[in-house]
Amino acid sequence: MLTQNLLSQERKMKLRWFVTLSTMPLLGVVTAFGLVPQSDLGLDSTRIAIEEIALPKAAPNVNTIASFWRNERVQRGDTVVELLRRLNVEDAAAGAYLRTAGEAESFRKLAVGREVQAETNAAGGLVALRYLGDDGAQIVIERQGDGYTIRTLPAQLEKRLFVRTGEISTNLYAATDAAEMPEAAANQLAEIFSGDIDFHHDLRKGDKFTVMYEMVYSNGTLVNTGRIQAAEFINQGQTYRAVYFQGDYYTAEGKSVRKAFLRSPIAFSRVSSGFTKSRFHPVLNKWRAHKGVDFAAPIGTKVKATSDGVISSFGRQGGYGNVILINHQGRFTTVYGHLSRFAKGLRRGQRVAQGEVIGYVGMTGLTSGPHLHYEFKIDGQQRDPLRVALPDAKPIGDADKAAFQSVADSFVARLNLLRNTNLARLD
């Protein structure tokens, strides 16, 4: 009975396996082959082999080492220690190197506003330091072992063209400040149109200007203000335009914007006393003619020759104090009085160019305060330098007319399009 039961159970088990196998997919069929004893297939018994394999050590991945970059600008009164602190550099060795190393002197002499980039590791150690030198080249200080190396990369200069427009409400410099023009570009604007516009007397509220000027960048950092490429100034309803071409400025028709003489020998300043036949002298306390123009300016302000010429005399002369006389083209003479000192190396017979510095504002001679006394003579007779008609410089030559006209037409079209707009950059 037990034997029959065992046979019956064996048949039941075989039936269950048969049903199970018959209902399995192909993968199940493969699995069924695994159920056959290895001895029935004539194969050796299974043996498991275990062997230890030494894996090569992976090289450290430098890219996984954390480093941090931070930018800061040099502030007035900064020390090396303070600047490194703001750059999150906590590295005594780096601080000592930057404070004392001769090759790092350019870092210690960085001008206010100059940008510095520092790379540090997670512990605050200095990895690299980058900044621009005075010539625009990039200086890189890097850690090498226990010390530092310094190298200079050539400047990668880029010029970007900016456009600014403005309207006069009080004076020129207030308007250029409101238009976010750099001071260097504002000075150029005044100088370009100084032959046609007296910025001391002729400006009116509502006068407008449009200026296209370059800004020079080195490795993405602003280095300096470049040259004005084109400009327009509308003064009392009269439109004046200037286009730069081969070292000078011209109207759209090719006439030189630059006059043979500048109206003023110093940068924009206040006229403290004009040309008149009768003026009460503040020192002599009596009425007398004032046959020149006084420009009030701080002592030491640069004084420029108003035209190409030859130094005919200079030195101490009575009420003029320290004075310079320049002869121009035989007929014209300019006089610069009350100077504090003369330009280094000045001598009689020396040729000077328009705009060249010849001396510095002072208060020598008969004067109650620092200013420049300026006279303009034609055939020996004093004339009002702010009102006299000034001769023009040479126009565009015939050989350059075609090339100039192409440049001028392009800039004039842009001025027409961009008038009364402000663009940070014009590509």
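Given the options A186, A174, name the one that is assigned to a helix (DSSP H, G or I), surrounded by 17 or more Cβ atoms within 10 Å (Cβ to Cβ) and free of Cβ contacts under 8 Å to residues at least 40 places away in the same chain.
None of the other options fit; the residue is A186.
In the set R160, R164, R86, which member is out of contact with any His (no Cβ under 8 Å at 6 or more places or on another chain), of a type in the set (K, R) and within 20 Å of E72 (Cα to Cα)?
Values: R160 fails: within 20 Å of E72 (Cα to Cα); R164 fails: within 20 Å of E72 (Cα to Cα).
Within the list R160, R164, R86, the selection yields R86.
Considering only the range 294-327, how many residues are part of a strand (DSSP E or B), over 24 Å from R383 (Cβ atoms) and touching a Ser or Thr at 6+ places or on another chain (Cβ under 7 Å)?
The total comes to 0.
With the structure loaded, tell me whether V140 is modelled with pLDDT of 90 or more, in contact with a Ser or Thr (Cβ under 8 Å, 6 or more places away or on another chain) and under 15 Å from S67 (Cα atoms) or whether it fails that test. Walk me through it before giving the result.
Working: modelled with pLDDT of 90 or more: yes; in contact with a Ser or Thr (Cβ under 8 Å, 6 or more places away or on another chain): yes; under 15 Å from S67 (Cα atoms): no.
No, not satisfied.
The conditions are (1) surrounded by 19 or more Cβ atoms within 10 Å (Cβ to Cβ); (2) at pLDDT 90 or above, and L161 fails exactly one of them. Which is it?
It fails just one condition, (1).
Could you identify the single residue in G349, G330, G365 that is in a loop (DSSP other than H, G, I, E, B) and touching a residue at least 40 places away in the same chain (Cβ under 8 Å)?
Details: G349 fails: touching a residue at least 40 places away in the same chain (Cβ under 8 Å); G330 fails: touching a residue at least 40 places away in the same chain (Cβ under 8 Å).
G365 is the lone residue from the list that is in a loop (DSSP other than H, G, I, E, B) and touching a residue at least 40 places away in the same chain (Cβ under 8 Å).
Considering only residues of the range 106-135 that are of a type in the set (G, A, S) and more than 21 Å from A92 (Cα to Cα), which is surrounded by the most Cβ atoms within 10 Å (Cβ to Cβ)? Give the steps one after another, and end with the answer.
Within the range 106-135, the subset of a type in the set (G, A, S) is 106, 111, 113, 118, 122-125, 128, 133.
Then drop every residue that is not more than 21 Å from A92 (Cα to Cα), which leaves 111, 113, 133.
Numbers: A111: 8, G113: 10, G133: 17.
Looking at the filtered set, the residue picked out is G133.
Got a number for residues in the range 136-148 being surrounded by 12 or more Cβ atoms within 10 Å (Cβ to Cβ) and within 16 Å of A101 (Cα to Cα)?
Of all residues in the range 136-148, those surrounded by 12 or more Cβ atoms within 10 Å (Cβ to Cβ) come to 136-143, 148.
Of the ones still in play, those that are also within 16 Å of A101 (Cα to Cα) are 139-143, 148.
Selection size over the range 136-148: 6.
Is it fair to say V223 is modelled with pLDDT under 85, outside the structural domain of L132 (by TED's automatic domain parsing), surrounded by 14 or more Cβ atoms within 10 Å (Cβ to Cβ) and farther than 23 Å from G362 by Cβ?
Working: modelled with pLDDT under 85: yes; outside the structural domain of L132 (by TED's automatic domain parsing): yes; surrounded by 14 or more Cβ atoms within 10 Å (Cβ to Cβ): yes; farther than 23 Å from G362 by Cβ: yes.
Yes, satisfied.
The values are calculated or read from the model by the stated rules, or taken from the named source; none is laboratory data. These numbers come from a predicted model, not from an experiment. Virtual Cβ from ideal backbone geometry, glycine too; neighbours counted across all protein chains shown.
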